[in-house]
Structures are given as C-alpha cells and as structure tokens.
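See below for the structure under consideration.
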Amino acid sequence: MNTIVPAIAPSFAINRLSSILAAEVIGLDLRKPLDRPTQEAVYQAFLQYQLLVFRGQALGKEQQIAFTGQFGTLEKHMPCNQGSDLSLLHVVSNLDERGVPTGVLGSTRWHSDKSFRAAPSMATVLHAVQLPPEGGDTCFANMYRAWETLPVAIRAELEGVRVVHSWALSRDNAGKIISEAERLDAPPMSHPLARPHPDTGRRALFVGAHASHLEGLPLAPGRARIEALETHATHPSNVYQHRWAPGDVIMWDNRCLLHRALPNFDAAAHARVLHRTCLRGTPTSE
Ligand SMILES: [Fe+2]
C-alpha cells in the first residue's frame with residue numbers, strides 16, 4: 001500500500017506499509033537530534049503503527065545509541081549478546097570472528113525482546129549494516145489484533161491468566177545452557193497473558209519463545225495453550241514481513257508485537273549484520 005498521509009509534524013511524512021502494522025517515516029536524518037515536537041510526533045506514530053521504518057540512514061554505533069536514547073532509557077543486552085565494544089549496542093550477526101558466515105541465524109522463533117524481565121523491553125531499534133543479496137527478512141506479528149480476534153468466550157476464559165516468561169527455558173530450547181550468574185540475573189517472571197499496553201491501554205497477547213507456562217496451571221496443558229495462541233497470533237494474515245534495504249532503521253514496539261528473523265537466505269554464504277539497541281519498558285500490571 002502506498003498511501004502518503006499528511007505529515008503529523010512539519011518535519012516528516014508517513015507512508016503506511018501494510019494494513020497490519022508498520023509505516024515509513026519520510027524526511028528525517030537520524031544522525032541529527034530531533035527537536036521535541038518531532039520526537040513526540042515520532043512517538044505518536046510509533047504508537048499508532050507499532051513499527052516505524054526510516055530508510056537510507058547511515059548511523060554509526062554512537063549515533064544509533066543517541067537516536068534510541070531520545071525515546072527512553074537504553075538497556076544492556078544479555079551477556080551472550082554483548083559481543084559489541086558498546087554494551088548498549090548488540091551486533092546481530094551470522095559471522096564468526098574472522099568475518100566468515102557461519103550458517104547460523106539466531107532469533108528465528110517468534111518472541112518479544114526481554115519478555116523475561118520484570119520490565120520487558122519497550123522498543124527495539126535495528127539498523128541494517130550488511131545484508132544478503134536477497135532474503136534475511138524480519139517478520140512482525142500484531143499482538144493487539146491477536147487478542148482482539150480471539151473469540152469472546154476464549155478471551156473471557158483467559159482474563160486474569162498470567163504467563164511465566166523464562167530466559168532459562170528459551171536458552172534451553174535453543175540448545176544452550178545458561179550460567180548461574182545469568183540464572184540469578186534473569187529469574188522466571190510472570191506477566192498478564194493479555195497485557196494492557198501502558199500507553200494505549202489496548203490489550204495485547206504477551207507470548208513468544210520466552211513464554212514458558214501459564215501460572216497456576218499444569219505445565220503441559222499451559223504450554224499447549226500458549227502454542228495454540230501463538231499459532232493464532234502469527235497467522236500470515238496478522239504478519240508484516242520486512243524486506244531490508246541497506247541503511248534501513250526500524251523501531252518497533254515490543255509491548256504489542258512479536259518478531260522473528262526469517263531464514264530465507266543462505267546464512268552459510270552471505271553476511272547479515274544489524275545493529276540493535278533496546279529501550280527499557282515498565283513493569284507489567286493487571
Ligand atoms: Fe529479538
């Protein structure tokens with residue numbers, strides 16, 4: 001869809017990218033600080049479209065950190081993701097230390113960043129640095145719609161249910177063992193399954209790869225329920241697939257989206273490198 005809508009601030013225009021979520025912000029150079037009205041207008045667009053794309057940017061690491069910091073408090077990444085010289089910027093990469101593609105692509109399961117924290121991530125910013133000739137897309141599912149399109153009876157049944165998110169579980173599922181320090185740093189955390197968005201008040205299903213089980217319910221049926229909800233939530237009719245172009249910066253709302261990297265390129269032959277920064281969210285509430 002190519003509908004340019006009138007600018008909501010004098011300094012930029014919005015081009016909606018799909019009916020599910022996502023819009024392009026046209027006219028901003030992210031290397032420069034945004035004035036206060038523009039910051040606020042960008043944040044309003046972020047709430048409205050859940051994901052913003054800024055094309056043709058050329059941000060250094062410090063510039064990306066500065067851009068992200070205009071919208072909140074940056075947070076450090078998990079120790080296993082701190083391969084960068086800057087702990088606030090995670091280099092998402094399929095390359096080994098010699099710069100050779102490993103064939104391994106991470107984050108291919110649907111998730112919300114740091115959902116295992118007491119205050120899960122508010123937003124993530126990714127900047128495309130090196131891309132394969134084609135593919136290497138990232139997919140996003142709209143979790144407002146996921147909740148709102150459930151049958152009324154199911155929603156009534158799930159009212160008040162809490163879901164436990166666990167870093168240990170998701171690492172285990174990825175075939176990794178976490179250290180004792182990581183276990184202590186990120187203990188399992190319970191959140192509302194239908195999480196009220198702190199800014200919009202709309203409810204969003206809060207599941208994904210870190211979701212372990214439903215609190216107070218036997219493990220197996222709780223996990224089966226989570227999987228069924230995730231299948232519903234990630235139906236193609238509820239997904240926006242982002243095809244990266246060099247210089248793209250995208251910023252999305254983890255409080256109402258799930259995302260995953262799509263393994264639709266040869267990760268043993270081509271580089272895919274993105275720079276990632278995250279903003280801390282607020283504790284979930286019911
Ligand atoms: Fe992620």
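Give the residue from 174, 129, 33 lying farthest towards the positive end of the charge dipole for the chain; charges sit on Cβ (+1 for Lys and Arg, -1 for Asp and Glu) and the dipole is referred to the Cα centre.
Farthest along the dipole direction, towards plus: 33.
How much length is gained if the chain between residue 180 and residue 87 is pulled fully straight, taking 0.36 nm per residue apart and subtracting their Cα-Cα distance, in nm to one decimal?
31.5 nm
Which value in nm describes the separation of the simple spin-label points at residue 18 and residue 224, placed 7 Å from the Cα toward the beta carbon?
For the pair residue 18/residue 224, the computed spacing is 3.1 nm.
How big is the dipole moment of segment 3-279 about its Cα centre under a simple scheme where the beta carbon of each Lys and Arg is +1, that of each Asp and Glu is -1, and everything else is neutral? Debye, nearest 20, please.
260
What residues of segment 198-229 lie in the reach of a label at residue 172, counting those whose backbone N is under 18 Å from a point 7 Å from the Cα along Cα→Cβ?
208-227
Any idea what the relative contact order of the chain is, in percent, if you count C-alpha pairs under 8 Å spaced at least 6 apart?
33
What percent antiparallel are the DSSP beta bridges of segment 3-279, to the nearest 5?
Roughly 95 percent of the DSSP beta bridges within segment 3-279 come out antiparallel.
What is the spread of the Cα atoms of segment 71-229 along each of their three principal axes, largest first, in whole Å?
That works out to 54, 36, 31 Å along the principal axes.
Less than 18 Å from a label point 7 Å out along the Cα-to-Cβ axis of residue 148: which backbone N atoms in segment 17-56 qualify, by residue?
It comes to 17-23, 44-52, nothing else.
I want to make sure I understand the PRE zone here: with the label point 7 angstrom from the Cα of residue 266 toward its beta carbon, which residues in segment 119-137 have backbone N atoms less than 18 Å away?
131-137
Give the residue from 116, 231, 100 lying farthest towards the positive end of the charge dipole for the chain; charges sit on Cβ (+1 for Lys and Arg, -1 for Asp and Glu) and the dipole is referred to the Cα centre.
231
So how compact is the chain: Cα radius of gyration and Dmax in angstrom?
In order Rg, Dmax, the Cα atoms of the chain give 18.5, 55 Å.
So how strong a dipole does segment 122-207 carry about its Cα centre when Lys and Arg Cβ are +1 and Asp and Glu Cβ are -1, to the nearest 20 debye? Intermediate values should be presented prior to the final figure.
Numbers: 9 positive and 10 negative charges, 50 e Å.
The calculation lands at about 240 debye.
Whose amide H sits under 5 Å from the amide H of residue 122, counting only residues 5 or more places off or on another chain, with H placed in the peptide plane?
279, 280, 281
No lab work stands behind these numbers, since they all come straight from the coordinates. As the structure is a computational prediction, the values presented were derived from the model and not from experiment. Every residue, glycine among them, receives a Cβ derived from its backbone with ideal geometry; neighbour counts consider all protein chains shown.
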